[in-house]
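Just below is one structure, and these are the notes that go with it.
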Amino acid sequence: MAVKNFVVASFDDEAVLFPAVKKVRTAGYKIHDVYTPFPVHGLDHAMGLRETSLHTAGFIYGVCGTTTALSCMSWIFNSDWPLNIGGKPHFPLPAFIPITFELTVLFAAVGMVMTFCYLCNLMPGVKKHIFHPRQTDDLFVMVIEVTAKTNAEEVKALLAQAGGLEINEQRAEAGWWYGRFDQDDEATLYKNAETATVNA
Amino acid sequence: MHLKYESTLREPLVDGEKNYHQVTEDIISPIEGKPGKLWYVGFFISVALLLWGVFSVTWEVYYGTGVWNLNKTIGWGWDITNFVWWVGIGHAGTLISAILLLFRQGWRTGVNRAAEAMTIFAVMCAGQFPIFHMGRVWMAFFVLPYPNTRGPLWVNFNSPLLWDVFAISTYFTVSLLFWYSGLLPDFATVRDRAKTKLRKLLYGVASFGWTGSAKHWQRHEALSLVLAGLSTPLVLSVHTIVSFDFATSVIPGWHTTIFPPYFVAGAIFSGFAMVQTLLIIVRKVLSLEDYITMGHMEAMNKVIVLTGSVVGCAYLTELFMAWYAAVPYEFATFYKYRAAGPLGWSYWIMMTCNVITPQVFWFRKMRRNIVVTFVMSIIVNIGMWFERFVIICTSLYRDYLPSSWSYYRPSWPEVGFYMGTFGLFFTCFFLFAKYFPVIAVAEIKFVLKTTGESFKRDNMEKLEPLSDEQFAHDHAHHHDDHGHAGHAVAHAAHN
């Protein structure tokens, strides 16, 4: 969690966005993020983002489900309370398959969704800074972090040249906080952040 | 892979001159307006039905399952019929959202959100029946395997009825997660354009703070794909396990290996019919004809005629096996007490509605006719209800001991219970249609530039600047490397 300065530019077409991303990266600026209303394929590669490992996590959760189901059922039927059910064996593997399968799917799905929410900081009550209200509608919003070394004017000129619209500077919280979207709590948030910095 | 161009022979999935903002406007604005008179009428009828259902069930719980017309011979009647029927209806939603995603069927984007909602509500309705069929419903938690003070008394993991508990609850959970993860970006869209404070607050909470970050979209895509991959075998397993409730028994008419595929095909059949019923109304009421087009209707009618014919083949196979197996009891069940006998009428309703009438969909004109589609969708669901009734009741009412033979008609609490689930289903669906984006907004935007009517036309008007080799190189190999529109520019930058 940190309050930072950003240069923000909007693009109204993916065809303009892609070369702009390339341009900004070649110029050596670090793109904080690009906000899009829908998944733009290849944007992650263009921005140089790492491939996600969410699938691997899903696989591991699935294996946990399989193991849980098989070990629990066989422990119950063989060791905890062996019961003679119609003379059937205590380890009837074919009869265990349906529940084993269901638990595999259940563990994988629930685990993945929870991991997804954790990684993306998604939860009811979580609030984040919205750089442009139309970033979930029809604009592709590129956000570049302004550090002590960055010349904000230069970045702005570069973005304007690359086809960016409504270019501006915003001071915003880069992470998330607990808040309500109907309340304008960002001003106090940044004030507190500043006081904290001064006190430190 | 995503195509740069799509053949003009394929009809557009989004009609009219649309841009991204127009898509948002078309789909989100019904949420922001006041509902019409028809909505209120429909909603209150649904709530009334729901309350009637609550009354009927309360009556049953108070006086016991004896108020139902079940008896020693017919232990499963309307309750289990309705359970299987509702679960089956749910299957179309998952088929559309998961299996068609894996098969890259673009037309699913227009209908998946509503179909998934239908799945969730249908499974909620289905679940009520086995729970209240238990009789002493306050002991329903006995089906959960946990270390308890009753022994510990564990559940029987060999029993298909217990497999059902796992299958239905997993199915419900996974469908809900799949549906809701898709809703997050759309809720954020509603939130960011909200004018009132209350709407901003509620959709802000519902959107979990989604922003549309590139990294989040990347993970979201991965999540959707894996959930689709998990849901595909899941949906097949669920109705397979439901069919095991019957197939693992020794009742003639139930004890058959054809049940799993036969049940799954029937489930998809009835589910698509229910999707048609709902969407024909939704597209009209919310003016979404540009997004749920005749092309969508036709595609679903093709699935209906296919699965209807699969089900028809299953019926004929059953009849053949009943004769060929030369088991007198099996033969009697099919030829004396199903196709004929006191409940024979239900068999012929099933045959007519499921096998004969859907054949009209071999004709393109019929597939693209709204009235025919709507009427057929109702007929198919009546037929599929009777299929479950036939399987359950006509196998039971003539058992091995002629002195136990009986007839079955439901009592009012059974009918009331069924009506109540309609109330539950439509109450949920009306709320969904009013407060949720009924079409996946982000997904429509994603396919807009390849399949939108105006974009398809514009794409055909200009000549492709790249040579054939370069085009093939760019669009056939590095398909994950660039966006689905403006590839040429993106790729030039890439190189």
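The values are calculated or read from the model by the stated rules, or taken from the named source; none is laboratory data. Predicted model, so just to flag it, every value in this text is computed and none were measured. Positions of Cβ are backbone-derived with ideal geometry, glycine not excepted, and every protein chain shown enters the neighbour counts.
What the table shows:
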{"read-out": "Entirely in the range B:181-292, the helices (runs of 4 or more DSSP H) that have 3 or more residues that are at pLDDT 90 or above and among the polar types (S, T, N, Q)", "value": "B:214-247, B:259-285"}
{"read-out": "Odd one out for B:GLY127, checked against (1) without any contact (Cβ under 8 Å) to a residue 40 or more places away in the chain; (2) assigned to a helix (DSSP H, G or I); (3) more than 7 Å from chain A (Cβ to nearest Cβ)", "value": "(1)"}
{"read-out": "The one condition in (1) touching a residue at least 12 places away in the same chain (Cβ under 8 Å); (2) under 30 Å from B:TRP210 (Cα atoms); (3) of a type outside the set (Lys, Arg) that A:TYR118 fails to fulfil", "value": "(1)"}
{"read-out": "Residue tally, condition more than 7 Å from chain A (Cβ to nearest Cβ) and in contact (Cβ under 8 Å) with a residue 24 or more places away in the chain, over the range B:202-227", "value": "2"}
{"read-out": "Candidates A:THR136, A:THR195, A:THR147 - the one that is more than 30 Å from A:ASP13 (Cα to Cα) and of a type in the set (Ser, Thr, Tyr)", "value": "A:THR195"}
{"read-out": "A:THR150 being within 30 Å of B:LEU153 (Cα to Cα) and more than 7 Å from chain B (Cβ to nearest Cβ)", "value": "no"}
{"read-out": "Residues of the range B:145-185 classified as of a type in the set (A, V, I, L, M) and free of Cβ contacts under 8 Å to residues at least 12 places away in the same chain, total", "value": "1"}
{"read-out": "Residue count, the range B:166-176 (criterion: buried (at least 22 other Cβ atoms within 10 Å of the Cβ) and more than 7 Å from every other protein chain (Cβ to nearest Cβ))", "value": "2"}
{"read-out": "Condition met for B:PHE446 (within 14 Å of chain A (Cβ to nearest Cβ), part of a helix (DSSP H, G or I) and of a type outside the set (Ser, Thr, Tyr))", "value": "yes"}
{"read-out": "Residues of the range B:143-160 classified as more than 16 Å from A:ALA95 (Cβ to Cβ) and not in a loop (DSSP other than H, G, I, E, B), total", "value": "1"}
{"read-out": "Residue check, B:GLY75 assigned to a helix (DSSP H, G or I) and on the phi < 0 side of the Ramachandran plot", "value": "no"}
{"read-out": "Test: B:GLY229 is buried (at least 24 other Cβ atoms within 10 Å of the Cβ) and either farther than 21 Å from B:PRO437 by Cβ or over 27 Å from the mean Cα position of the chain (by Cα) (or both)", "value": "no"}
{"read-out": "Residue match in the range B:405-417 (condition: crowded, with 21+ Cβ neighbours inside 10 Å, within 22 Å of the chain's Cα centre (by Cα) and at pLDDT 95 or above)", "value": "yes"}
{"read-out": "Selection count, the range A:132-150, where residues are in contact with a helix residue (DSSP H, G or I) (Cβ under 9 Å, 6 or more places away or on another chain) and either part of a helix (DSSP H, G or I) or without any contact (Cβ under 8 Å) to a residue 40 or more places away in the chain (or both)", "value": "4"}
{"read-out": "Complete set of residues in the range A:27-56 that are surrounded by 15 or more Cβ atoms within 10 Å (Cβ to Cβ), charged (D, E, K, R) and in contact with a strand residue (DSSP E or B) (Cβ under 9 Å, 6 or more places away or on another chain)", "value": "A:ASP33"}
{"read-out": "Verdict on A:GLY86 being at positive phi and at the interface with another protein chain (Cβ under 9 Å from one of its Cβ atoms)", "value": "yes"}
{"read-out": "Subset tally (residues that are within 9 Å of chain B (Cβ to nearest Cβ) and either touching a residue at least 24 places away in the same chain (Cβ under 8 Å) or not in a helix (DSSP H, G or I) (or both)) for the range A:21-49", "value": "18"}
{"read-out": "Per-region count, the range B:186-201, residues touching a residue at least 24 places away in the same chain (Cβ under 8 Å) and facing chain A (nearest Cβ under 7 Å)", "value": "3"}
{"read-out": "Matching entry among B:ILE96, B:ILE89 (being at pLDDT below 85 and buried (at least 24 other Cβ atoms within 10 Å of the Cβ))", "value": "B:ILE96"}
{"read-out": "One residue from A:PHE59, A:PHE101 being surrounded by 20 or more Cβ atoms within 10 Å (Cβ to Cβ) and at pLDDT 95 or above", "value": "A:PHE101"}
{"read-out": "A:GLY65 at the interface with chain B (Cβ under 7 Å from one of its Cβ atoms) and either in contact with a strand residue (DSSP E or B) (Cβ under 8 Å, 6 or more places away or on another chain) or surrounded by 15 or more Cβ atoms within 10 Å (Cβ to Cβ) (or both)", "value": "no"}
{"read-out": "Filtered residue count, the range B:130-154, keeping only those that are more than 27 Å from B:PHE422 (Cβ to Cβ) and either among the charged types (D, E, K, R) or within 9 Å of another protein chain (Cβ to nearest Cβ) (or both)", "value": "7"}
